Structure formats: structure tokens, C-alpha cells
1. From the list F48, F44, which residue is modelled with pLDDT of 95 or more and over 29 Å from I115 (Cβ atoms)?
2. Looking only at residues in the range 1-10 that are out of contact with any Leu (no Cβ under 9 Å at 6 or more places or on another chain) and in a helix (DSSP H, G or I), which one is surrounded by the fewest Cβ atoms within 10 Å (Cβ to Cβ)?
3. If R21 satisfies all but one of (1) within 27 Å of D91 (Cβ to Cβ); (2) under 12 Å from the mean Cα position of the chain (by Cα), what's the number of the condition it fails?
4. Residue check: is T140 within 21 Å of H47 (Cα to Cα) and of a type in the set (S, T, N, Q)?
5. Out of all the residues in the range 11-53, which are outside any strand (DSSP E or B), closer than 27 Å to V141 by Cα and without any contact (Cβ under 8 Å) to a residue 60 or more places away in the chain?
6. Could you count how many residues in the range 128-139 are of a type in the set (A, V, I, L, M) and surrounded by fewer than 20 Cβ atoms within 10 Å (Cβ to Cβ)?
Amino acid sequence: MDIHRILEHLPHRYPFLLVDRVLSCEPGSSIRALKNVTINEPFFPGHFPRHPVMPGVLIVEALAQAAAILSFKTLGSLPDDRSVYYFVGIDNARFKKPVTPGDQLILEVTLTRRIREIWKFSARALVGEQVATEADLMCTVRQIK
């Protein structure tokens, strides 16, 4: 899935869109996506000037965005102007390797459970074969008025 299809599935836009490409997606099961990390990211000048590191919360956000795409693909629908995809919870988050400019972040998200409006996922972000971040995510789609 290229960036044009991603933009149809996510309401996020620059500078907060954190998924560049979907490599594979099996609705109801899993997604594998890509985030190219470049020195041009708006957070690098402040995090940190002499040793740029992608903030862990943004890695988790990238995983949540991949989870959102998986959710909408599973539902067979696209978000509309009234759809908002929220985090409900983050458990067992671990940051194992710093992510720096030039890295390709592979986002792997597996749907583990869906109870009514709550979606649960197991997620990890890799740089090459090395796990950079892993977490269990809970999300929901809500309609705003």
C-alpha cells in the first residue's frame, strides 16, 4: 500500500503521519509497515542536538497508526471526517534500541483480540533484524459529533 492509500486510511498528516508504506496486510490478523527515519524529522533538532534519537513515544505512535490501518482494513471501511482512532492503553512497552536518522523502522502489528469497540494488538518495531520497541496496544474507533 503506497502513501496515497495510507492517507485514505489515516486522518494523520505531516508532521504526525508516521507510516510511509504498508509492506503487507492480512485483515483480521496482521500488518507490516515501514517508516523511513530521516534527519529532516521535525523532532530531531531538539531530541537530541548532538545525538539525534527518535522519541520512543513516536515509535509507539507509528505502531498505533499501523494498527489503525489494520483495523480499518479488517472492518473493510475507511475513516470519515467524524472517525477518530484513539489509544485506550499501552502495556508492556519496552525500548531496546535507539532509532536514529537513516534507520528504516519496520512496524509489525498483530491483532490479538477484539472485544466490541476495543482492539488489542501485539506490536514491535524493528531496525533490520533487531527489535527497537515492543508494546501491547489497545485502541478504539469513535465517532465525534
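1. Working: F48 fails: modelled with pLDDT of 95 or more.
Result of the check over F48, F44: F44.
2. Going through the range 1-10, the residues out of contact with any Leu (no Cβ under 9 Å at 6 or more places or on another chain) turn out to be 2, 4-5.
Adding the requirement that they be in a helix (DSSP H, G or I) leaves 4-5.
Working: H4: 7, R5: 13.
Only one residue fits best here, namely H4.
3. Going through the list (1) within 27 Å of D91 (Cβ to Cβ); (2) under 12 Å from the mean Cα position of the chain (by Cα), R21 breaks only (1).
4. On the way: within 21 Å of H47 (Cα to Cα): no; of a type in the set (S, T, N, Q): yes.
Taking the combined requirement at face value, the residue does not satisfy it.
5. Narrowing the range 11-53 to residues outside any strand (DSSP E or B): 11-20, 27-29, 37-53.
So of that shortlist, the ones also closer than 27 Å to V141 by Cα come out as 11-20, 27-29.
If the condition is that a residue be outside any strand (DSSP E or B), closer than 27 Å to V141 by Cα and without any contact (Cβ under 8 Å) to a residue 60 or more places away in the chain, then H12, R13, Y14, P15, F16, L17, L18, D20, P27 are the ones that fit.
6. Taking the range 128-139 first, the residues of a type in the set (A, V, I, L, M) are 131-132, 135, 137-138.
The next check asks that each one be surrounded by fewer than 20 Cβ atoms within 10 Å (Cβ to Cβ); those that pass are 131, 138.
Number satisfying all stated conditions: 2.
The values are calculated or read from the model by the stated rules, or taken from the named source; none is laboratory data. Quantities reported herein were computed from a predicted structural model and do not represent experimental measurements. Glycine gets a Cβ as well: all are built from the backbone with ideal geometry, and neighbour counts include every protein chain shown.
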